[in-house]
1. In a solvent-free Debye calculation with one equal scatterer on each Cα, what is log10 I(q)/I(0) for region 2-72 at q = 0.20, 0.23 Å⁻¹, listed in the order of the q values?
2. Mind giving me the FRET efficiency for residue 7 and residue 47? R0 is 22 Å, r the Cβ-Cβ distance, nearest 0.05 is fine.
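Every read-out reported here was derived from the displayed coordinates using simple, explicitly stated rules and does not represent laboratory data. Owing to the predicted nature of the structure, the values given are computational and were not obtained by experimental measurement. Reconstructed Cβ throughout: ideal geometry from the backbone, glycine too, with neighbour counts over all protein chains shown.
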Amino acid sequence: MKNSKFVIEKLAKLFEQGLVSSKDLGNELINILKSKRDEIVFRMKLTSKEEFEILSKRVENLEKEINKKSKTKRKPRRVKKS
């Protein structure tokens, strides 16, 4: 209810200011919705797509390093009994 009231108030302000042309009205509505979406994402503390890709590449690199280190470990040598 609160969100719909916010959108209705914004639309009323647009009509008052004279932004009646459909293109301007459409652009302004899209901008309002994008800002609301960004606000919700910020509240939820979600990462962006770019941040997620960077983090996944870091994890892949770390996994490769761990695999290299585990492969390079030498097996213990057996001592000859005399």
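1. Result of the Debye calculation: -0.88, -0.99.
2. 0.25
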